[in-house]
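Okay, structure first, notes after.
The values are calculated or read from the model by the stated rules, or taken from the named source; none is laboratory data. Computed from a prediction, not measured in an experiment: that's the story for all the values here. No Cβ is skipped: glycine too gets one built from the backbone with ideal geometry, and neighbour counts run over all protein chains shown.
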Amino acid sequence: MPSVKDLLAQVKKVIREVDPAEAESRRDDALFLDVREADEYQQGAIPGALHLPRGFLEVQIEGVVPAKDRPIVVYCAGGSRSAFAAKSLQELGYSDVVSMTGGFNRWKDEGRQWATPRVLDAEQRNRYQRHLLLPEVGEAGQQKLLDSKVLLLGAGGLGSPAALYLAAAGVGTIGIVDMDVVDASNLQRQILHNLDSIGDRKVDSAKKALTALNPDVNVVTHDVRIGADNVLNLMEGYDLVVDGTDNFPTRYLVNDASLLTRTPVVHGSIFRFEGQATVFDPYNGPCYRCLVPEPPPPELAPSCAEAGVLGVLPGIIGSIQAVEAIKMLLGIGEPLVGRLLAYDTLAQEIRTFKVRRDPACPACGPDAGEIVIAEYDQLCMPHPKKAPATV
Amino acid sequence: MSINVRIPTQLRQLTGGSGEIAVEGATVREALASLDAIHPGIGERLLDDDGGLRRFVNLFLADEDVRFLEGLDTPVSPGQTLSVVPAVAGG
């Protein structure tokens, strides 16, 4: 029976090894795969490396690295476990795998770049376990969510489910803009709030609910009316806006500010039994003005307060907004950029339609002038820039 | 065979509650005229005084916005579905 030394020698005959210097020269194109145990990895690792402990390698690698021709540099602490790992990867069909001799210890001794990786603590690991099991999210994705900043416009029908799911998902900073107070008539659909919060500011009620759900989340409250005077400041520093506002002028204002600040907007809107959702990714897809060049006159566009809304409907649309927000933050899947999702509760049907960038769009088209943020009247048309104005 | 027009819930009081109406016509314009003949009054909710498509109503032939096809002159074929999707802003 062969000894471990014999076995390792046999393995090294069928794999390719590189020293840390050569490995480092491949940092731009190769995936660095750290196959050590969690406690070793947490002490320090090569920045950008993917951590997949040796014990999970075979069963998880295809989910994490589907492309079998992707160049991979495997390392462990000293170069033995990575040799075995490289052989397994070769047997699984990975065609460009090398093992790094001397491992992380030699890499570090030679003064090459390393860092202590940010890791989830035990509580977070448990809380986000179902995300960590998804290769498309995983630990790196979860960290990304924790680092993300999302601004919710409105803590009402759409904002409630969106905020709850984004907080539950571990989006690290959630800003909430709402100037309203909780009223008993809100509770038919605004599930962030409850009987105890009637009369409280919605932003405070929201913060209480979200913090109780997930203490990882920093909830930033803005008890203001969104206006031309504050919309740019409100959006500053956020990765993404979830639009749950309730009137056309504000929607146009949000659109124009999102173009100026290059902030993607996850749009949701509802009316009685039907809702719509889409994603406006500035200059990468259509904007709100490409989809709705002009608002309807007020007599044709009564608000939900006047016309009613099925309470569950914003639950569905707001949840779709949360899904889209997470996809955008993680860069996974096909977000609703250039597609309008329309949901009819009575028919129980969801349809998607194509939305295109309008070459004549007065806000994002090639001939559009510079955007000036100002209060909109009933027609919501963009304001022309007055030279030499400043924004 | 005819063209199906999907009516959103907010306009169904003009179609007697019906969500899908079968109409005739070779273009979007003719289809809308046929719709208005069956349910008078719905045409003016979709078209402005000059007969143009109102700017807050999107009409999708299958999944394409007719504004990016040939507008109201877009040819329609029997069996196709024309969806009326007005802008809504509630939240």
Practice prompt. Being outside any loop (DSSP other than H, G, I, E, B), at the interface with another protein chain (Cβ under 10 Å from one of its Cβ atoms) and surrounded by 16 or more Cβ atoms within 10 Å (Cβ to Cβ) is the filter here, so list the residues in the range A:353-375 that pass it.
Written response: A:Phe353
Worksheet item: Can you tell me which residues in the range A:331-346 are over 21 Å from B:Ala87 (Cβ atoms) and either buried (at least 19 other Cβ atoms within 10 Å of the Cβ) or small (Gly, Ala, Ser) (or both)?
Response: A:Gly331, A:Gly333
Worksheet item: Is there a residue in the range A:108-119 that is touching a strand residue (DSSP E or B) at 6+ places or on another chain (Cβ under 9 Å) and not hydrophobic (A, V, I, L, M, F, W, C)?
Response: yes
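For the range A:338-352, which positions are among the β-branched types (Val, Ile, Thr) and more than 8 Å from chain B (Cβ to nearest Cβ)? Don't jump to the end; show me each part of the working.
Step one: list which residues in the range A:338-352 are among the β-branched types (Val, Ile, Thr), which gives A:345, A:350, A:352.
Correct list: A:Thr345, A:Ile350.
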Worksheet, complete the sentence: Picking from A:Leu300, A:Leu260, the residue that is without any contact (Cβ under 8 Å) to a residue 24 or more places away in the chain and surrounded by fewer than 19 Cβ atoms within 10 Å (Cβ to Cβ) would be A:Leu300
Worksheet item: Quick one: which strands (runs of 3 or more DSSP E) sit completely within the range B:1-74 and have at least 2 residues that are more than 11 Å from chain A (Cβ to nearest Cβ)?
Response: B:3-6, B:20-23
Worksheet item: With respect to A:Glu274, is the statement that it is within 14 Å of another protein chain (Cβ to nearest Cβ) and among the acidic types (Asp, Glu) true?
Response: yes
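Does A:Val279 qualify as being modelled with pLDDT of 95 or more, within 14 Å of chain B (Cβ to nearest Cβ) and in contact with a Leu (Cβ under 6 Å, 6 or more places away or on another chain)? Before the answer, list the steps.
Working: modelled with pLDDT of 95 or more: yes; within 14 Å of chain B (Cβ to nearest Cβ): no; in contact with a Leu (Cβ under 6 Å, 6 or more places away or on another chain): yes.
Considered against the rule, which asks whether it is modelled with pLDDT of 95 or more, within 14 Å of chain B (Cβ to nearest Cβ) and in contact with a Leu (Cβ under 6 Å, 6 or more places away or on another chain), A:Val279 comes out as no.
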Discussion item. Of the conditions (1) outside any helix (DSSP H, G or I); (2) touching a strand residue (DSSP E or B) at 6+ places or on another chain (Cβ under 8 Å); (3) over 23 Å from A:Asn218 (Cβ atoms), A:Pro293 satisfies every one except a single condition; which number is it?
Written reply: (2)
Worksheet, complete the sentence: Picking from A:Ser205, A:Ser197, the residue that is more than 20 Å from A:Val266 (Cβ to Cβ), touching a residue at least 40 places away in the same chain (Cβ under 8 Å) and of a type in the set (S, T, N, Q) would be A:Ser205
